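Q: The structure's right below; bear with me while I get my questions together.
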Amino acid sequence: MMDKLKDECGVFGMFNRDDHDVARNCYYGLYALQHRGQESVGIAVNDEGTILYHKDMGLLPEVFNDVILNHLKGKMAIGHVRYSTTGSSIRENAQPIVVKYKKGQLALGHNGNLVNAKELREELEEQGTIFQCTNDSEIILNLIVRNRMLCGNFEEAIVKTMEKIKGAYSLVLMTPRRILAVRDRLGFRPLCIGRLGNSYVVSSESCALDACGATFVRDVEPGEIVILDGDGFKSFEGSFSHRVTPEEKLKNTKLCVFEHIYFSRPDSFLDGASVYRARIEAGKMLFKEHPAEADLVIGVPDSGLTAALGYAQASKIPYGQGLIKNRYVGRTFIKPEQGQRELSVKIKLNALKSEVEGKRVVLVDDSIVRGTTSKRLVTILKEAGALEVHMRISSPPVSYPCFYGIDTPNREHLIGAWKTPAEIANILGCESLGFLSIESISNAPKGSSCGFCNACFTGNYPIL
Ligand code: SF4
């Protein structure tokens, strides 16, 4: 309903060396990752080599209950929340994917998107491979299994698979005896390791470690294969990451910068940088680049709020609430018909008349995609009595589609691809509009050990 880029997926895994209820810990971890995908959810547990699983369409509390969780007993677990980018939103595409091969059962959870999925799928189909779902994660699993039959272990099989697949992937793979966590060489999507007592967990974001009582250990390095088993966790010596210096890593890796700006939760740390601090910093830089004379700074809930606070801190303009979000508009919300488009935003976000009336307002948001929601928000604020609306965006104009796991409209629908900021301001009906520069967005996540992908702003795709 809102004009936003769509989140991708989240993964979680745990190897139990104490007496934890792995399925329940996985459930708590996935709860904290729900913002990364709301279409389907699943948990698979390994009980002495037998994989039990439950997955379905819906949010975590809709899909799981006590009875199901009590049934999922085992020594290790992996879980997944999904928003579909490749493959349609159907139950068959829910993850983890569970398969049986010659040496036992396997389960895989994938966050990301392969750019050579079509070619790989055709190649595998020509060789007689049968696919049960339409997502690219099944391709990865097929390749791992094939390579496992040729190599002596899963680590080597994954290295071979990584040589073949191109694109973004953070993976959790559950084998009969271990969990393997894998991150692609460019590190597009985050992945980190935590500790819970003597047990270890892996998660897309550190906020999920907090949710299940684990403490952060470190990030999985881009190009690294990490093994969780009865001995704890270790990094596979043959991992690509072992051949990279910190300087090379900073220069060559491509963590999605939108993870900091919009997708990840503010209480997460990604590769050494706080998401919250990155958003504050982006707001401060936004003021330096695009100051405004105004009476009030407000943010678009939720992801624009922190950058708005940064803008207010730098500008010394009072920060306040100007838009109220209805938190009960869920996936099943029936959209108003064509003639009532205005309503669809008003039902989700409404202006706080008492705060904005008679004021010059700076409205901060994280991005503009098509521009439709921004236009309606400006209208809502003006109808509530705002004298002026100055829009500030804590990212550059989105001008190119993403191929690495983020759902973006075709380029023809991206307003930033075809219009100048002045033209967009005119269309939105606001007094002024300013976007954060490409230089600043990469500098906002202070202390990041990874470099950033900015392809949706520049068209410079790191891998095609
Ligand atoms: S193209 Fe944009 S959304 Fe996609 S990974 Fe790169 S920065 Fe993220």
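Q: Return, for the Cα atoms of segment 1-130, the radius of gyration and Dmax in Å, separated by a comma.
A: Using the Cα atoms of segment 1-130, the pair Rg, Dmax is 15.5, 46 Å.
Q: Roughly what angle does helix 305-315 make with the longest principal axis of the chain, taking Cα atoms, 0 to 90 degrees, to the nearest 10?
A: It is inclined by approximately 50 degrees.
Q: Calculate for the chain the 222 nm mean residue ellipticity that helices alone would give, adding -39,500 (n - 2.57) per DSSP H run of length 4 or more and normalising by residue count, nearest 500 deg cm²/dmol.
A: -8000 deg cm²/dmol
Q: Share of antiparallel DSSP beta bridges in the chain, in percent to the nearest 5?
A: On the way: 67 of 84 bridges.
Just about 80 percent of them are antiparallel.
Q: Could you tell me whether segment 284-433 comes out rounded, prolate or oblate from its Cα gyration tensor? Rule is a ≥ b ≥ c as square roots of the eigenvalues, rounded for a/c under 1.5, then prolate if a/b exceeds b/c, otherwise oblate. Numbers along the way, then the final one.
A: Values: a/c = 1.56, a/b = 1.14, b/c = 1.37.
In terms of gyration-tensor shape, oblate.
Q: Now a separate question. Here are some pairs, LYS103/LYS166; LYS382/LYS419; LYS118/LYS325; which of them have Cα atoms lying more than 32 Å apart in this structure? Walk me through the intermediate numbers first.
A: Values: LYS103/LYS166 27 Å; LYS382/LYS419 23 Å; LYS118/LYS325 40 Å.
With Cα atoms farther than 32 Å apart: LYS118/LYS325.
Q: At what distance in angstrom do the alpha carbon centres of segment 409-426 and segment 205-219 lie from each other?
A: 39 Å
Q: Still on this structure, please answer the following. Largest first, please: the extent of the C-alpha atoms of the chain along each principal axis, to the nearest Å.
A: For the chain, the Cα extents along the three principal axes come out at 70, 48, 46 Å.
Q: Where does segment 266-335 land on Rg/Rh, using Cα atoms and the Kirkwood Rh?
A: Looking at segment 266-335, the ratio lands at 1.08.
Q: Once the dipole of the chain is set up with Lys and Arg at +1 and Asp and Glu at -1 on Cβ about the Cα centre, which of GLY238, SER303, TYR404 lies farthest towards its positive end?
A: Final value for the positive-end residue is SER303.
Q: Starting from the amide H of ARG392, placed 1.01 Å from N in the peptide plane, find each other amide H under 5 Å away whose residue is 5 or more places distant or on another chain.
A: Sorted by chain and number, the residues that satisfy this are LEU363, VAL364, ASP365, GLY434.
Q: Longest segment of the chain with no GluC sites (Glu not before Pro) in a DSSP loop having at most 15 other Cβ atoms within 10 Å? The partial results should precede the final answer.
A: Values: sites that count: GLU48, GLU237, GLU293, GLU337, GLU357.
Within the chain, the longest run free of exposed GluC sites (Glu not before Pro) spans 49-236.
Q: Calculate how steeply helix 117-126 sits against the longest principal axis of the alpha-carbon atoms of the chain, using the helix alpha-carbon long axis, and give the answer as 0 to 90 degrees to the nearest 10.
A: Tilt relative to the chain: about 30 degrees.
Q: Also: In degrees between 0 and 90, to the nearest 10, how far off the longest principal axis of the chain does helix 372-383 point, with axes built from Cα atoms?
A: Taking the Cα atoms of the chain, the angle to 372-383 is about 40 degrees.
Values in this text are rule-based calculations from the coordinates and carry no lab data. None of the values given here were measured: they were computed from a predicted structure. Here the Cβ is made from the backbone with ideal geometry for all residues, glycine too, and neighbour counts use every protein chain on show.
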